[in-house]
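The values are calculated or read from the model by the stated rules, or taken from the named source; none is laboratory data. It should be emphasised that the depicted structure is a prediction, and the values quoted were computed from it without experimental measurement. Counting neighbours? That spans all protein chains shown, and the Cβs are built from the backbone with ideal geometry, glycine included. Please note that ligands, DNA and RNA were not included when accessible areas were found on the heavy atoms of the full protein model with its side chains. Shrake-Rupley method; radii C 1.70, N 1.55, O 1.52, S 1.80 Å.
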Amino acid sequence: MRTCIQLGLNTSADWAYLTQYDWVDYMRTVLDRPQHILPELFTEDSTPFKYYGIDIEPESIAHVANSDRYKDFTNVTWICAGISDAHYLIEPTSRYHGSEWYNFPIHNKMHVYITMKHLINQISPPTFDIFALDIDGYEHYIFNDMAEWPLLPTFITIELHSPAMIQEEKRKYVSKGEASDILIATIVENGYSYLDPIMKDETKKTIGIQEMRFLKTEFF
């Protein structure tokens, strides 16, 4: 069975539909989110995926895990952890505190971070086919140690928000253009081709959300 790992779920976990036997028809006829454009090598085979949905916020995991939308889904595993280039504990930020679905106090609470290398070793997927990320500017923390991953994904899709991302070298915010160039170079040098990005207006309020897409060069 093929494998999809999604980092950053918020309240939707929107790649979980890949676990369904009709996922190809669903993608083509129901979905209107433009980032769900997969290379033909995936859509030519309608075999369902094993899905791992990962988020650092326990509230997000609780929301999707208890959602009626996914209650009958099989081949779904929820993981509450942050992914970075090192193992550590950190106090959470308050960026979601007070929102309609984030109602837990943030004091006396710690987030756990693990590396992609550790995650892949623990779940031991037979293949790593799709890696989807929506992590609001923290992409460099994920890809810094990409050369150490025991298994690289075939296809990577990253929802990149403006105006800035975090540059790993100095742990500071840099412009979206500069950060994008750094991220693209990091992934490409690990054996990927950069596909044409998809621009979209996801919320009709936020302009300039870009879907970055990468495919392992050997699959061209």
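Taking amide H positions as placed in the peptide plane 1.01 Å from N, state which residues far from S67 in sequence (5 or more) or on other chains have amide H under 5 Å from it.
Here nothing satisfies the definition.
Determine ³J(HN,Hα), in whole Hz, for all residues of segment 8-16 in sequence, where each value follows from phi through the Karplus function 6.51 cos²θ - 1.76 cosθ + 1.60 and θ = phi - 60°; x replaces Gly and Pro.
x, 9, 6, 10, 10, 6, 6, 8, 5
Taking H placed 1.01 Å from N in the peptide plane, check which residues at least 5 places from R2 or on another chain put their amide H under 5 Å from its amide H.
Under 5 Å from the amide H of R2 lie the amide H atoms of K50, each far enough along the sequence or on another chain.
Leaving out ligands, DNA and RNA but keeping every protein chain, what accessible area does C4 have, in Å² rounded to the nearest 10, with a 1.4 Å probe?
Surface open to solvent at C4 totals about 0 Å².
Which entries in K71/K216; K50/K117; K117/K216; K50/K216 show an alpha-carbon gap greater than 23 Å?
Values: K71/K216 33 Å; K50/K117 19 Å; K117/K216 18 Å; K50/K216 20 Å.
Listed pairs above 23 Å: K71/K216.
Would you mind getting me the FRET efficiency between E178 and D145? Use the beta-carbon distance for r and R0 = 25 Å, nearest 0.05.
The formula returns an efficiency of 0.75 here.
Using a Förster distance of 41 angstrom, determine the FRET efficiency expected from the C-beta separation of H107 and R69, and round it to 0.05.
That gives a FRET efficiency of 0.85.
Not counting ligands, DNA or RNA, and with a 1.4 Å probe, what is L152's accessible surface area in Å² rounded to the nearest 10?
For L152, the solvent-accessible surface is approximately 40 Å².
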